[in-house]
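Below is one structure, written out as structure tokens, with a few remarks after it.
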Amino acid sequence: MKIKPDSMLDVGKIRKDFSILNKMINGKQLIYLDNGATSLTPEPVIGAMNEYYGEYNANVHRSIHSIGERATREYEKAHEKVARFINADFEEIIFTKGTTESLNTLAYCLTKRLKEGDVIILSEMEHHSNLVPWQQLAKEKKLIVKYIKINEDFELDLEHAKKIIDKKTKIVSVTHVSNVLGTINDVKKIGELAHDAGAIFIVDSAQGIPHLAIDVKKIDCDFFCFSGHKMLGPTGIGVLYGKKELLEKLDPFLFGGEMIKEVGFEDSKWNNLPWKFEAGTPNIAGGIGLGAAIDYLNKIGTEKIREYEEYLTEYGIKRLNEIGVKIYCPKNPKIRSGVISFKINGMHAHDVVALLDREGVAIRGGHMCAMPLVTKVLNENSLCRASLYFYNTPEEIDKLVGGIKKAKEVFQII
Amino acid sequence: MKNTDFDDNMDPNWLGDEEEEIYRENIIDHFKNPRNYGEIVEAEIKHSELNSICGDIIRLFVKLERGKVIDAKFKGNGCAISMAATSMLTEKLKGKTLEDIKKLTKEDVFEMLGIKLGIVRMKCGLLCLNTLMNGVKILEDKNGIKN
């Protein structure tokens, strides 16, 4: 067990930026361990969005008056911040409403050119958002979907991946970090397999980017998707990164204002990247909020966040193991994110969640939007999930453990 | 069911105050020792419903004879509220006609459980009733009875 170095993070100071952490829930102080669902929002992010609405509430790329120009400048600056954060170019950053929209856009745009019998590779640990779009389009276009299996240690089975990724494979789309198991997948390796087969490689990093330093060039993925609200940003804003040469070749998915250069009654010309893929008035405040969230994460440092979360996760797993719950996560802490899914024998997850809520502890229970993984691979009806972020503390994990003990008492489980 | 059925001031995950503990002895008892747990191979009503949010599943079997329920069983997996409610409901069904069953309301389920449920747990508590009602509807459609 690693001892927490004092230099790691000043969590006490960080927590002051999250006013919601002072909230009382059922007479107890809120202990928020549901970060996998959505993260909390720090004051600077709320402030940046309030500033937009209070100081320069105008549309972007249209109005040339002063506040319109400022809105455009700030909205574009947010794209730049995202680009720098993942080592991409400005033109490669498209704002969407979230990972789900990013993945759906890709599913529609990329399967357009596929033909019957072409293969799409996903994995058994996908969230519904990286499974259902492909599954449904495959049904429509008679494509074949195959799933990379997971091994006994809850990692992707790379040998199996090698076997199923072949010349018929056109798209490989996998999750960066499992929202149930917390496994950090070796996306670089899977990308190599995909590219060797001549396939497009997509990474769903909804659960990755909030916790890990990201360099899309190092991963060498063709597309990279994530949401703002899991990384301190607001809901309703997300990102679709794509390699420039690929985005240029793709037809736009949504048509309308903003995405056009020239419109006639017969035909239209598309706007430059990234705006070609941002039809309609975008979520301006959301984009600016995401930019502020990235500033916040940069200020703390992604490496430090990872280091602290690794320590916190190890502590959480150790404490939960002490009270005899069954945990589903990889053994190796280096490939484990702060997601701890567990099961208490004799109790349904929903009851655990409800009883913990009485103690002010917020966790998730159910299928976690990964029903095939939970019910078919892990053979569980539902799981409990505590998901951590860098503002959580070991003391909060102790409260979780105390809450579980109380819940077991209610259900008379020894 | 619409959300407007609920008091706006009610905590969505409300678990009752001390006089109204939802994890009462009788509920825990029905959860741990469900009554009528099992299958009926030849049953007029065999229907299952899933509550996809929390993963509760109920498979309900109702056997009728001369228009009356002579046996009701269930299988399933879910939280204490959904399982206890189903267990209690199967006890209540015996002797009832389809017309009696159709008159059952959510208030009957609450009365059976003896607790008031918040909006989130409402879905758990009423899953058994929805399963039953949909099962009855399918049976009636099959028999050509128009509602």
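The values are calculated or read from the model by the stated rules, or taken from the named source; none is laboratory data. This is a predicted model, so every value here is computed, not measured. So basically every Cβ, Gly included, is an ideal-geometry build from the backbone, and we count neighbours across all protein chains shown.
Kindly establish whether A:Lys331 is under 25 Å from A:His211 (Cα atoms), away from every other protein chain (no Cβ under 14 Å) and in contact with a Phe, Trp or Tyr (Cβ under 7 Å, 6 or more places away or on another chain). Against the criterion (under 25 Å from A:His211 (Cα atoms), away from every other protein chain (no Cβ under 14 Å) and in contact with a Phe, Trp or Tyr (Cβ under 7 Å, 6 or more places away or on another chain)), A:Lys331 does not qualify.
For the range A:360-402, the tally of residues that are away from chain B (no Cβ under 13 Å) and either assigned to a loop (DSSP other than H, G, I, E, B) or touching a strand residue (DSSP E or B) at 6+ places or on another chain (Cβ under 6 Å) (or both) stands at 11. When A:Trp134 is tested against (1) within 21 Å of A:His195 (Cβ to Cβ); (2) more than 23 Å from the chain's Cα centre (by Cα); (3) modelled with pLDDT of 95 or more, only condition (2) is not met. All of A:Glu248, A:Glu258 fail the test of being under 25 Å from A:Pro234 (Cα atoms) and surrounded by fewer than 20 Cβ atoms within 10 Å (Cβ to Cβ), apart from A:Glu258. B:Arg35 - would you say it is farther than 18 Å from B:Met133 by Cβ, buried (at least 16 other Cβ atoms within 10 Å of the Cβ), away from chain A (no Cβ under 14 Å) and basic (Lys, Arg)? When the stated conditions are applied, B:Arg35 passes them.
When residues in the range A:194-230 are screened for being surrounded by 24 or more Cβ atoms within 10 Å (Cβ to Cβ) and among the aliphatic types (A, V, I, L, M), 6 of them pass. Scanning the range A:233-269 for residues that are part of a loop (DSSP other than H, G, I, E, B) and among the hydrophobic types (A, V, I, L, M, F, W, C) turns up A:Ile237, A:Leu250, A:Phe253, A:Leu254, A:Phe255, A:Met259, A:Phe265.
Among the residues of the range A:330-369, which ones are free of Cβ contacts under 8 Å to residues at least 24 places away in the same chain and either of a type in the set (S, T, N, Q) or surrounded by 19 or more Cβ atoms within 10 Å (Cβ to Cβ) (or both)? A:Ala354, A:Gly365, A:Gly366, A:His367, listed by residue number. Every condition in (1) closer than 25 Å to A:Ala199 by Cβ; (2) over 14 Å from the mean Cα position of the chain (by Cα); (3) in contact (Cβ under 8 Å) with a residue 24 or more places away in the chain holds for A:Glu258 except the one numbered (1).
Being part of a loop (DSSP other than H, G, I, E, B) and among the β-branched types (Val, Ile, Thr) holds for only one residue in A:Ile340, A:Ile414, and it is A:Ile414. Could you please find all residues in the range A:265-301 being in contact (Cβ under 8 Å) with a residue 24 or more places away in the chain, surrounded by 17 or more Cβ atoms within 10 Å (Cβ to Cβ) and polar (S, T, N, Q)? Hit for the range A:265-301 is A:Asn283, nothing else. Of the helices (runs of 4 or more DSSP H) contained entirely in the range B:69-141, those carrying at least 3 residues that are within 17 Å of B:Ala43 (Cα to Cα) fall at B:80-93.
Listed here are the residues, each with its yes/no results for (1) of a type in the set (A, V, I, L, M, F, W, C); (2) at negative phi; (3) buried (at least 22 other Cβ atoms within 10 Å of the Cβ).
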| site | (1), (2), (3) |
| --- | --- |
| A:Leu106 | yes, yes, yes |
| A:Leu114 | yes, yes, no |
| A:Met125 | yes, yes, yes |
| A:Leu131 | yes, yes, yes |
| A:Gln135 | no, yes, no |
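Counting residues in the range B:51-59 that are in contact (Cβ under 8 Å) with a residue 40 or more places away in the chain, of a type in the set (Val, Ile, Thr) and either surrounded by fewer than 19 Cβ atoms within 10 Å (Cβ to Cβ) or part of a loop (DSSP other than H, G, I, E, B) (or both) gives one or more. Selection of the range A:90-100 for residues being closer than 17 Å to A:Ser227 by Cβ and either of a type in the set (Phe, Trp, Tyr) or crowded, with 21+ Cβ neighbours inside 10 Å (or both) yields A:Ile93, A:Ile94, A:Phe95, A:Thr96, A:Gly98, A:Thr99, A:Thr100.
I'd like to know if the range B:114-125 contains one or more residues that are free of Cβ contacts under 8 Å to residues at least 60 places away in the same chain and of a type in the set (A, V, I, L, M, F, W, C).
no
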